[in-house]
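For reference, the structure discussed in these notes is given below.
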Amino acid sequence: MKTKMMIAAVAAVTLVSGAALAAGKGKGDNVMTKQKDGTYVVNTTTLASNVRGYVGSTPLEVYIKKNKVVKVVALPNKETPKIFAKVKSGMLPKYAGKKTSAVSSVDGVTGATYSSKAVKANVEAAVKYYKTHK
């Protein structure tokens, strides 16, 4: 009887461990995807989750093709909408066409210092990930 209980316990632990591994296996897979045209899309939601703006995290999607940033798209965040709108219109378009080696040269937006710094850190993290994993 004890042997059957031990076997059942080992089987249960193995099953739970396997399910946990399978669930965790997808983590990181969604950080970077490659589109049919060769553009890589890096999502910083989990990649730079510790990067904070004034209110919270500022996740982005950074589109990169042939070592140049195609565009940067802001994902939903909790920054003050009026302030973050300045970043979206005044900073994100500046990344388009930048070589990945020059993304740190983009200046922030006056009046949105924390959000600007967070966006810059997110873009730099995305470029670093792209260079390492392409």
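The values are calculated or read from the model by the stated rules, or taken from the named source; none is laboratory data. These figures come from a predicted structure and were not determined experimentally. Don't worry about glycine lacking a Cβ; one is built from the backbone with ideal geometry, like all the others, and counts go over all protein chains shown. What goes into the accessible areas is simple: the full protein's heavy atoms, side chains included, and nothing from ligands, DNA or RNA. Shrake-Rupley method; radii C 1.70, N 1.55, O 1.52, S 1.80 Å.
Starting from residues that are open to solvent by less than 30 Å² (accessible area, probe 1.4 Å) and among the small types (G, A, S), keep the ones in region 42-59 and report whichever is nearest to the chain's Cα centre (by Cα).
A48
Look at region 101-124 and say how many of its residues are among the aliphatic types (A, V, I, L, M) and either within 17 Å of K78 (Cβ to Cβ) or touching a Ser or Thr at 6+ places or on another chain (Cβ under 6 Å) (or both).
Of the residues in that region, 5 qualify.
Just give me the residues in region 87-99 being hydrophobic (A, V, I, L, M, F, W, C) and either surrounded by fewer than 21 Cβ atoms within 10 Å (Cβ to Cβ) or part of a helix (DSSP H, G or I) (or both), in sequence order.
Listed by number, the residues that qualify are V87, L92, A96.
Are there any pairs, at least 6 apart or on different chains, whose C-beta atoms fall under 8 Å, with the first in region 93-104 and of a type in the set (D, E, K, R) and the second open to solvent by 80 Å² or more (accessible area, probe 1.4 Å), and if so, which?
Within 8 Å, the pairs are K94/D107; K98/K68; K99/K68.
In region 123-134, what residues are over 26 Å from P81 (Cα atoms), assigned to a helix (DSSP H, G or I) and open to solvent by 60 Å² or more (accessible area, probe 1.4 Å)?
Listed by number, the residues that qualify are K128, K131, T132, H133.
Among the residues of region 60-75, is there at least one that is open to solvent by less than 30 Å² (accessible area, probe 1.4 Å) and out of contact with any helix residue (DSSP H, G or I) (no Cβ under 6 Å at 6 or more places or on another chain)?
The answer is no, given that none of the residues of region 60-75 is open to solvent by less than 30 Å² (accessible area, probe 1.4 Å) and out of contact with any helix residue (DSSP H, G or I) (no Cβ under 6 Å at 6 or more places or on another chain).
When you scan region 100-122, how many residues do you find that are touching a helix residue (DSSP H, G or I) at 6+ places or on another chain (Cβ under 8 Å), under 13 Å from R52 (Cα atoms) and either in a helix (DSSP H, G or I) or open to solvent by 30 Å² or more (accessible area, probe 1.4 Å) (or both)?
Selection size over region 100-122: 5.
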